[in-house]
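These notes are about the structure you will find just below.
Laboratory data are not the source of any read-out in this text; all were calculated from the coordinates shown. Just so you know, these numbers come straight off a predicted model, no measurement behind them. Positions of Cβ are generated from backbone atoms using ideal geometry, with glycine treated the same way; all protein chains shown enter the neighbour counts.
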Amino acid sequence: MSFSALTPEQLRRVCSLDHVSFTTTSDLDAQNTIIGQPRGTRAIEFGIGIRSPGYNIFVLGETGTGRITAIRRFLRHKTLDRSIPPDWVYVHNFATPHRPRAIRFAAGAGGAFKAEMDALLVCLREDLPKAFENESYRDEVEKIRLRFEDRQSEVFTTVQQKAQAQGYTILRTAAGLDIAPLVDGQVMTPEMFQQLPAERQRAIDKETQALNAELEDAYYQIRLFETDTRAGIDALNRQVAETTLAHTFAHLRQQYQAEKEVLTYLEELYKDILDNVADFLPNEEHEGELDLRRYTVNLLVDNSQTSGVPVIFEANPTYPNLFGRIEYEMIYGAMTTHFTNIKAGSLHAANGGYLVLNVRDLLQYETSWEALKRALKEQEIRLQSPGTFDGGSQVLAKSLDPEAIPLSTKIILLGSPRLYYALYETDEDFGELFKVKADFNSDMPRNDENELEYARFIASRCQEEGLCHFDRSSVAKVIEYGSRLSAHQDKLTTRFGLVTDIVREASYWATLRGADMVTAEDVKKAIDEQVYRANEVEERIQEQFDENIIMVTTEGSVVGQVNGLSVLDMGDYAFGQPSRITAQTYMGEEGVVNIDREVEMAGPLHNKGLLTLVGYLGGTYAQDQPLSLSASLAFEQNYGGIDGDSASSAELYALLSSLSGVPVNQGRAVTGSVNQRGEVQPIGGVTEKIEGFFALCKKRGLNEDQGVLIPVGNVKHVMVSEEVVEAVRAGRFHVWAVRTIDEGIELLMGKNAGKRNKDGAYPEGSIHYLVQARLRELAEELKQFGESDDE
């Protein structure tokens with residue numbers, strides 16, 4: 001049987017762009033939609049359209065698919081015509097000071113209200129104190145005080161006159177006023193009082209008590225006069241304040257007559273000013289700035305400059321960053337706070353719009369996640385002080401409990417499918433709160449429409465970032481690069497972060513050579529330079545091949561030895577690495593032993609491939625005879641670990657070579673897994689594997705007989721470099737696609753695999769014939785050895 005290798009056209013799908021009419025990307029409009037995600041886009045449109053609670057959105061997809069940038073641009077485009085959400089302010093709560101009140105205003109009106117209140121503060125600080133400094137006010141206060149003094153004097157004079165008429169006087173002592181008897185116009189001393197007859201002493205005591213009672217009545221009347229005087233002054237102060245503030249508050253009441261909550265606050269504020277008007281009186285004790293912070297306005301959310309609805313991305317979703325915080329300040333050695341120290345979080349900024357969060361970042365803060373779920377269930381933003389929002393009772397200082405603000409934010413979480421399903425399974429609230437799943441694929445079909453979308457995407461990046469525009473040839477190269485990233489000729493990657501990097505870097509190289517237009521060579525340069533920056537490990541391994549430290553043969557034929565292919569993924573760069581796989585077969589009943597498995601260097605998928613290989617051997621050769629052999633397989637010079645079943649076909653070829661005694665062509669490498677029926681199955685990383693073996697052969701010198709065997713199912717996944725394509729075109733390298741192990745046998749060993757005859761036997765001289773014969777020979781030898789051992 002003869003095989004034809006894949007053609008150059010099958011190894012790389014070249015982009016022609018014959019279906020588009022643009023000359024350069026400057027001819028194209030910017031791209032504002034999400035590219036290649038019809039399912040995800042439809043889900044997002046549904047999520048932002050439905051208003052019912054619980055329809056928040058979880059966007060699934062791999063990192064680098066451009067979800068964040070695309071979603072923000074998409075949301076901005078879809079919501080520009082939506083009404084702007086309201087402003088929110090916090091004001092002092094005169095009834096309950098530790099619970100600041102939240103008041104809602106139309107967008108931009110919150111800032112206007114704050115300006116009005118700032119103007120009122122100026123009036124309170126400047127105009128109101130001045131009103132108590134004019135002459136008319138002072139004269140009126142003086143009249144009230146003189147009236148008090150006259151009434152006080154009149155009361156005391158009456159008592160004094162009555163006391164004098166009875167021979168007594170009023171003395172001022174340290175304890176206050178007292179009644180004392182007179183003798184010849186002089187105050188009677190205690191000695192003189194003791195010398196009086198007892199009857200006279202009793203009479204004086206009785207008269208003194210009566211006069212003291214009248215003095216107490218006078219005191220009571222004076223206290224009433226004092227109360228009336230203070231009330232008169234307070235009434236005067238209140239009248240002056242009312243007159244001074246009348247115009248200002250009339251203007252405010254008129255302006256906010258439709259806002260009941262604002263009017264209520266204004267009336268409470270007005271009453272508080274009048275009740276505390278003494279604070280504004282000129283007084284040496286009040287010198288300096290008046291503390292009027294309770295009359296200020298804390299503009300928490302200001303949407304005066306917002307267009308459409310807000311789209312906020314919170315990169316660090318701590319509790320304070322999400323829900324806001326209450327800041328503290330040190331005053332006279334004590335921690336204290338005020339409602340003006342309440343700061344907004346991203347939930348406040350996104351209220352009425354959209355808040356985009358990375359779920360992996362969010363789950364790092366358990367308090368944030370639990371508080372967010374609570375906010376979504378209760379549909380309100382409740383800000384709590386540090387030490388209390390996690391359910392604890394620790395309080396740093398006297399704090400605040402601000403009124404909650406109604407929440408109407410749509411939450412969009414970005415995360416991997418693994419996180420989505422883990423949350424759905426373990427968090428009982430998750431399914432009720434995030435009812436919309438928007439699945440973002442990592443690739444999209446490569447068709448005419450999507451190739452044009454790629455061109456528009458490039459145009460958008462050039463316009464937004466001021467990059468050099470791309471000509472048709474360079475756009476075609478980026479599209480081909482997109483297919484390579486997706487590992488499929490008929491698909492394009494949607495990891496637009498990586499595509500954007502190439503666009504930027506190609507523009508840089510074009511600029512560096514003094515051009516204002518990116519060409520295909522610039523894109524190729526960008527890709528090559530990106531590889532060069534990342535492939536140091538690959539070059540070091542290549543040096544080990546050159547120095548024969550890692551032993552891989554690329555010429556000649558060897559029994560029981562096959563060149564397998566694996567992929568080393570460094571995170572930012574992956575490359576193919578050839579590996580020598582060897583097999584030894586001998587008499588015994590241990591079966592196939594994998595050395596890497598025995599030393600626990602093989603993963604479960606690799607072990608599964610090995611067991612599948614044993615199933616193939618049994619089905620092919622042990623239908624009418626026992627499968628009696630011992631065999632060992634090894635990835636030579638493997639000191640790390642291996643997993644995956646992509647080497648199972650190579651291991652099988654090595655075993656069949658060892659059993660048949662037919663050598664394997666060392667100029668050909670193999671990848672592909674095998675099933676129990678001998679069919680070669682697709683694997684991953686086929687492009688990197690082909691290029692890895694090509695690089696080794698090229699370094700040693702291509703001999704026109706070298707190449708790689710891949711599964712037929714992987715043909716559409718091949719997007720090798722142009723260098724490999726040109727080598728294949730020149731006949732210096734080959735890539736063969738095989739369907740079965742039999743096809744691979746003939747390519748590697750140069751002999752017919754053999755097809756079982758009607759009698760169940762394989763054609764003489766075929767590989768299967770030789771293998772079966774050797775297995776029968778091993779079984780007979782083992783039996784004879786056992787019999788002789790018994791004797």
*Treating the angle as unsigned and between 0 and 90°, give the value, to the nearest 10°, between the Cα long axis of helix 448-465 and the longest Cα principal axis of the chain.*
50 degrees
*Pairwise label distance in nanometres, Asp279 with Met517, each label 7 Å out on the Cα-Cβ vector*: 7.3 nm
*With a/c under 1.5 counting as rounded, go ahead and sort the range 1-55 into rounded, prolate or oblate using the C-alpha gyration tensor (a ≥ b ≥ c being the square roots of the eigenvalues; past the cut-off, prolate if a/b is larger than b/c, else oblate).*
oblate
*Before anything else, pin down the relative contact order of the chain: Cα pairs under 8 Å, at least 6 apart, normalised by residue count, whole percent.*
16 percent
_Students often check this: by mean Cβ neighbours within 10 Å, which of 732-740, 104-112 ranks highest, and how do the rest follow?_
732-740, 104-112
_Can you compute the FRET efficiency between Thr367 and Asn703 using 1/(1 + (r/R0)^6), with r the Cβ-Cβ distance and R0 = 51 Å? Round to the nearest 0.05._
0.20
*asked:* Straight-line reach only, C-alpha to C-alpha below 14 angstrom: list the aspartates and glutamates that Lys130 could link to, leaving out same-chain residues fewer than 8 apart.
replied: Glu242, Asp279, Glu287
_Please report Rg (one decimal) and Dmax (integer) in Å for the Cα set of the range 1-153._
35.5, 137
*asked:* With Cα Rg over 2.2 N^0.38 Å as the read-out, I listed (1) 1.01; (2) 1.69; (3) 1.23; which label goes with the value calculated from this structure?
replied: (2)
*Would you tally the net charge around Leu215, using a Cβ to Cβ cut-off of less than 11 Å, leaving Leu215 out, and scoring K and R as +1, D and E as -1?*
-3
*Roughly how many debye, to the nearest 20, is the charge dipole of the range 1-124 about its Cα centre, given +1 on each Lys and Arg Cβ, -1 on each Asp and Glu Cβ, and no other charges?*
540 debye
*Using modelled backbone amide H atoms (1.01 Å from N, in-plane), which distant-in-sequence or interchain residues come within less than 5 Å of Val680's amide H?*
Thr740, Ile741
*For the chain, find the longest principal axis of its Cα atoms and tell me its angle to the long axis of helix 198-255, 0 to 90°, nearest 10.*
50 degrees
*Sequence-distant lysines (8 or more away, or on other chains) whose Cα lies within less than 20 Å of Lys373*: Lys410, Lys435, Lys437
*Got a sec to turn the phi values of the range 47-60 into Karplus ³J(HN,Hα) couplings, 6.51 cos²θ - 1.76 cosθ + 1.60 with θ = phi - 60°, whole Hz, x for Gly and Pro?*
x, 7, x, 7, 9, 5, x, x, 8, 7, 10, 10, 9, 8
_11 Å beta-carbon shell around Thr24, net charge (K/R +1, D/E -1)_ = -2
_For the range 463-478 versus the range 1-65, the gap between their alpha-carbon centres in whole angstrom_ = 17 Å
_Using each residue's phi in the range 735-752, evaluate 6.51 cos²θ - 1.76 cosθ + 1.60 at θ = phi - 60° and report the 3J(HN,Hα) Karplus result to the nearest Hz, with x for Gly and Pro._
10, 10, 10, 10, 9, 9, 4, 4, 5, x, 4, 5, 6, 8, 10, x, 10, 5
_Need one number: % antiparallel among DSSP beta bridges in the chain, to the nearest 5._
60 percent
*Could you please state, rounded to a whole Å, how far the C-alpha centre of the range 163-241 is from the C-alpha centre of the range 399-450?*
85 Å
*Net charge near Gly431, counting Lys/Arg +1 and Asp/Glu -1 over other residues with Cβ under 11 Å of its Cβ?*
-3
_Given a Förster distance of 35 Å, report the FRET efficiency between His77 and Tyr573 from their Cβ-Cβ distance, rounded to the nearest 0.05._
0.50
*What dipole magnitude, in Debye to the nearest 20, does the chain give about its Cα centre under +1 on Lys/Arg Cβ and -1 on Asp/Glu Cβ?*
1960 debye
*Which aspartates and glutamates, on any chain, are close to Lys689 with Cα under 13 Å apart, when same-chain ones fewer than 8 places away are left out?*
Glu538, Asp569
*asked:* Over 20 Å apart: what share of the alpha carbon pairs of the range 645-791 falls there, rounded to a whole percent?
replied: 54 percent
*Going by alpha carbons, how many degrees (0 to 90, nearest 10) lie between the helix axis of 496-512 and the longest principal axis of the chain?*
80 degrees
*Prolate/oblate/rounded call for the range 162-251, Cα gyration tensor, a/c under 1.5 rounded*: prolate
*Give the peptides 536-549, 716-729 in descending order of average Cβ contacts within 10 Å, highest first.*
716-729, 536-549
*What are the residues whose amide H is under 5 Å from the amide H of Ser566, where those residues sit 5 or more places off or on another chain and H is modelled from the backbone?*
Gln577, Ser579
_What's the ranking of 424-431, 768-775 by average number of surrounding C-beta atoms within 10 Å, highest first?_
768-775, 424-431
*So if R0 is 45 Å, what FRET efficiency would Gln544 and Lys437 give, r being the distance between their Cβ atoms, rounded to the nearest 0.05?*
0.45
*Report the label-to-label distance for Tyr586 and Asp490 in nanometres (one decimal), using points 7 Å from each Cα along the Cα→Cβ vector.*
5.0 nm
